[in-house]
1. Which far-off residues, 5 or more places away or on another chain, put their amide H under 5 Å from the one on B:L301, with H placed in the peptide plane?
2. Ratio of alpha-carbon Rg to the 2.2 N^0.38 Å globular estimate for the stretch A:176-291, to two decimals, please.
3. Quick one: 3J(HN,Hα) in Hz for the stretch A:183-194, Karplus 6.51/-1.76/1.60 with θ = phi - 60°, rounded, Gly and Pro as x.
4. So what's the projected area for the stretch B:261-396, the Cα convex hull averaged over all directions, in nm²?
5. Counting just the Cα atoms, what span does the stretch A:309-364 cover along each of its three principal axes? Round to the nearest Å and put the largest first.
6. Using amide H atoms built in the peptide plane, which far-off residues or other-chain residues are under 5 Å from A:G293 H to H?
7. Given labels modelled 7 Å from the Cα in the Cβ direction, how far is it in nm from B:T251 to B:E189?
8. Among B:V62, B:V287, A:V284, which comes first, then next, by fewest other beta-carbon atoms within 10 Å?
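Every number here is computed from the coordinates shown, using simple stated rules; none is lab data. Just so it is clear, the structure is predicted and the values come from calculations on it, not from any experiment. Please note: Cβ atoms are built from the backbone with ideal geometry, for glycine as well, and neighbour counts cover all protein chains shown.
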Amino acid sequence: MWHRSASFILDKNQNDTVYPADSVTLTPPPPSSISTPQNPNPNLNRNMSMSAYYQTRAAHHGVVTSDWLAQSQEAATRAVVTGGQEIVDGGKSGRAFSVIDEFNNWRKQPDLAEAVAAIRALAAVIRNSEAKTMMELEIELKKASDSLKSWDTTSISLTAGCDLFMRYVTRTSALEYEDFNSARSRLIERAEKFGEISYKARKIIAMLSQDFIFDGCTILVHGFSRVVMEVLKMAAQNKKLFRVLCTEGRPDRSGLRLANELAKLDVPVKLLIDSAVAYTMDEVDMVFVGADGVVESGGIINMMGTYQIALVAHSMNKPVYVAAESYKFARLYPLDQKDMGPALRPIDFGVPIPSKVEVETSARDYTPPQYLTLLFTDLGVLTPSVVSDELIQLYL
Amino acid sequence: MPDTQALVMTFLTSLKNATARQTAELLRSVISQQRVPYTNQAGALIDAVKAVGEQLIAANPVELAVGNIVRRVLHIIREEDLSLTTAAIGELNLSAVSDDENDDDRDGNTTLSAAAVAAAARSTLRPPSLQTLLEDTPVSAAVPQTSSSGAADKSSRSRKLKHDVIEAVNELIQDIVTCHEQIAEQAVEHIHQNEVILTLGSSRTVSEFLFAAKEKKRSFRVFVAEGAPRYQGHLLAKELVARGLQTTLITDSAVFAMISRVNMVIVGAHAVMANGGVIAPVGMNLVALAAQKHAVPFVVLAGSHKLCPLYPHNPEVLLNELRSPSELLDFGEFSDCMDFGSGSGSPLLHVVNPAFDYVPPKLVSLFITDAGGHNPSYMYRLIADYYSADDLVVQRRAIAGN
């Protein structure tokens, strides 16, 4: 009856392993699928009930509820318990352990982008490596990058960041008339600098978008994006008069956090529930969203609800602007919503849901490029068709 | 400098058509008369051009071609400087390889690693891209090195920079002058036998385009919308008939009625914005919408000097110019309606005569420039080739920075 596509069957299999037999409010998720860093078996990751990426985002930007707190405490105790077992493993997985651990340490900082955390972790790999030739170092890095990517398959900027760094390493090592140590130290230095690059990227994007925010405009924002926050902050500092309509962004409710931040800057903010977007779209002048990843077609992958907003905006002829750093460009080409690997995030409805009732827990959706007007990136203000161009230049 | 000031003043008072070429020629004389110091010649040239450019743009902001040419010249200066610097680095490195002991004394020369040289050797000024995201900017580090080299080098380099820049500006002027021919060469690919072409108003590029197709023995018909209130379509119709083309003259309001009989719409543009939108004579948006409704290709002809790196939302861009109402109304008949003295002291009749229209990129099928035919979504590429990001705001600043 519901057989729309083969991916339906794929989803169903995954959903089956996720939900426990009886009703739950919020899951402290079943122990087998908790996303602890010490998960050595890559296969198990695919059946994870939770996307670590979206969990982290919620941790950074979401509202802290008591349920979440309980869940995180449980996760922490579990980490301590299982942590000891992993060290017993041999050297190779020990190194993989440290990459992922390193990555998690960096990722915990709320202001740091995913790709930056990944590249910093890879820099740590270089620092700790005992390789004597570029080839060896490259192989080590490849292994570390693969383990990072497989640990969290749902995070696009993580994958893109790793790929970008690997590409850079390969190209740099092609200059053979340098000695190994200087090449290595330069790699480490560039990797550390990448953090600055990412921070500068946000500033550049904020500067580029200032011209598009005119006095008296109304901006619709979805959820919490650090880049969009930077854009709005700079506009407020430049004494522009504008107001922001902010969606709540269920289930993370990260919109509430954004509303708080904007209120601190004395920007008039109005909160909407996600369903009120079409209702208020006629008073909106432009829509501003961030992106978790920018795919090859020029579309974006972002928090659930972005596609909906883009569709409504497009039908009412409102421009949709995306603010994304260039290292989020990924070599993916989803043809429909289910083409990407599922990134699931449990939803707290506040009341018990009977087990027979399925819940759509995907945390993200794909917005095709025809609904986007312009992309603000640190490479400049671009139309969506530029993305594939840049990716071809990088990977060819 | 007083010479150039006088030139600038006469130019400002006579800003009319063919401004792009005149701007380029003016900037060429500014550059050739500019005295450059030994160090940082490019900076001095850029400052001089920016100073004049500011005045030119402020004098007539609607004429976007002026700003475009100013930015093109700035980009040329930066590019020539970069290629000269990288050539100098190349020479320096060769000499560095030959006597190693001396190099250790000179600070920094040995740190010009192979990678930096290779990167600098890519001597074109490329726009930022994913490839260069993780890399250093090699040139800014390298420039202090070269200034420590011999003095004889420097004076020849300074003359060379000016010479190169002026050569490049001459090429630019040539391009501007010959853009009509280059666009017209592509006419045969687009206009086929027994087609019906629609155009609005009169544009030299469009007429050259159509004449070129006629030369190649294509037989086609042209509908010309008259282009109120200036009625330049009448002039175009006359020219076309003189060349032996079957022409039909219609009013602007009749475009929707006639569009279903048309195979292609070919129009000129006043300016092309960075998002692919077009600023065109008034009435063009109407034609574009009609073309979209009936799935007729809407082709815009524009020389590359009309390509503007700014977006239409940019406050610097004046999308329109309001002209005199006398083009619409005869003052004699309507003088009492527009009289300030009658009644409450302000006239009840207002006459608005905008000169331009904005056509959004999604209505345009193809841009034909002297660099070939392109999609509206490809415009960013041409802009990245012709302009530098630092020049978007043409203002002299004490500290150039991002």
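1. For B:L301, whose amide H was placed from the backbone, the distant partners under 5 Å are B:V267, B:G268, B:A269, B:I368.
2. Working: Rg = 18.8 Å, N = 116, 2.2 N^0.38 = 13.4 Å.
Cα Rg divided by the expected 2.2 N^0.38 Å: 1.40.
3. 4, 4, 5, 5, 4, 5, 4, 5, 5, 5, 5, 4
4. Details: hull surface 49.1 nm².
Result: 12.3 nm².
5. Projected onto the principal axes, the Cα atoms of the stretch A:309-364 cover 41, 31, 21 Å.
6. Under 5 Å from the amide H of A:G293: A:I301.
7. In this crude spin-label approximation the distance works out to 3.9 nm.
8. Ascending number of Cβ neighbours within 10 Å: B:V62, A:V284, B:V287.
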